[in-house]
């Protein structure tokens, strides 16, 4: 099937490469020629495990190409898969106009009978808005629209795309359902079919549910810290309850970061207010999460009596492991907070080789041990697997005070078992 994937950042690059590996004839489109030129040479705009090899294989096979020329790319495309990563502002509100503006630029180039499949994270009702906009400029052409919410999980994006639990798809007609089934057949037959608006709302609901689960267990964890309970043990109690289950999103730890979950919580809360529908729970989720984002700051102030003049080591800077994304990273926020209060911040990250301008006050360490040398505290901010290989003995000896804050208990089996190290995690009383 001839497919054009539009918008070549994280979501679009993964989508293009995975569809080509499934046997489709794929053209990746982006209005930024620097991006398409780089991809054509095998240089990716983002870091994602396994993606570089997949792109190079697609280019070598001839099933994958990239261009900034939308007219040539869309001329023969049967399906146009819209995969723009939707920008989010500092208030966690999606910039839907960014996506809408770029999709409408495609309208003059769509062939009669084409299918536009949107996967960008946009507010419910956006697909209908685009349908109406196209009808105003159709010039006799018939183009259909469908929606399949993205399932991009940074660090595992290729595996999740090629081996999904299921795919949610919203369509307007039986014919569109048949075309999308054929498109996805090499990947999965597990498709949840529904209306376009239901598919849009499903993405909001999934993210809001996950966000609520994170906030719920962290509020429980906060109470555990005060009464001497261990939230890790409470987690076991929850997950062994058949009505909750072992895969429930109820692991005490850091606040959710990035813009994905917060974007949908904010949108649904504001939608409720706009429609006059009470959404008290949703409106409180972000407030609670924002408060929990200060856990490491509160504990450092409490345990050190202030951070001014102290050397604080940070392990991990990226938003999550498996990606080089720094935007909306809780680790970056913590570094800036510490620097503003006079701390010397020394940070290590296995994929961040140079610090951006906003982190100019932060010292970059070449290794985890050089980061902690002489430090009064270590904060495990991003759970990179390589940190599990660092001997607890080396950490205890190198630090001025072997105090470790590890919100998610990621290094509980190493640093957490060394009696010389003061090891604190979310939901467990200590120090």
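Looking at 254, 322, 259, just one residue is touching a strand residue (DSSP E or B) at 6+ places or on another chain (Cβ under 8 Å) and either buried (at least 17 other Cβ atoms within 10 Å of the Cβ) or within 30 Å of residue 200 (Cβ to Cβ) (or both), and that residue is 259. Just one residue in the set 32, 53, 25 is out of contact with any helix residue (DSSP H, G or I) (no Cβ under 8 Å at 6 or more places or on another chain) and within 13 Å of residue 84 (Cβ to Cβ); that residue is 32.
Given the criteria part of a loop (DSSP other than H, G, I, E, B), under 21 Å from residue 90 (Cβ atoms), in contact with a strand residue (DSSP E or B) (Cβ under 7 Å, 6 or more places away or on another chain) and not assigned by TED's automatic domain parsing to the domain that holds residue 153, does residue 334 qualify? Judged against the criteria, residue 334 is not a match. Total residues in the stretch 154-198 satisfying the condition of being more than 21 Å from the chain's Cα centre (by Cα), outside any strand (DSSP E or B) and within 21 Å of residue 24 (Cβ to Cβ): the figure is 17. Being over 26 Å from residue 206 (Cα atoms) and within 26 Å of the chain's Cα centre (by Cα) is a description that applies to residue 45.
Only one of the numbered conditions (1) within 26 Å of residue 301 (Cβ to Cβ); (2) in a loop (DSSP other than H, G, I, E, B); (3) touching a residue at least 24 places away in the same chain (Cβ under 8 Å) is violated by residue 419, and that is (3).
Of all residues in the stretch 338-372, exactly one satisfies the criterion of being assigned to a helix (DSSP H, G or I), under 23 Å from the mean Cα position of the chain (by Cα) and surrounded by 17 or more Cβ atoms within 10 Å (Cβ to Cβ), namely 359. Among what's in the stretch 93-139 and is without any contact (Cβ under 8 Å) to a residue 40 or more places away in the chain and in a strand (DSSP E or B), pick the residue that is nearest to the chain's Cα centre (by Cα). Per the criteria, the residue is 118.
The values are calculated or read from the model by the stated rules, or taken from the named source; none is laboratory data. Because the structure is a prediction, the values reported are computed rather than measured. Glycine gets a Cβ as well: all are built from the backbone with ideal geometry, and neighbour counts include every protein chain shown.
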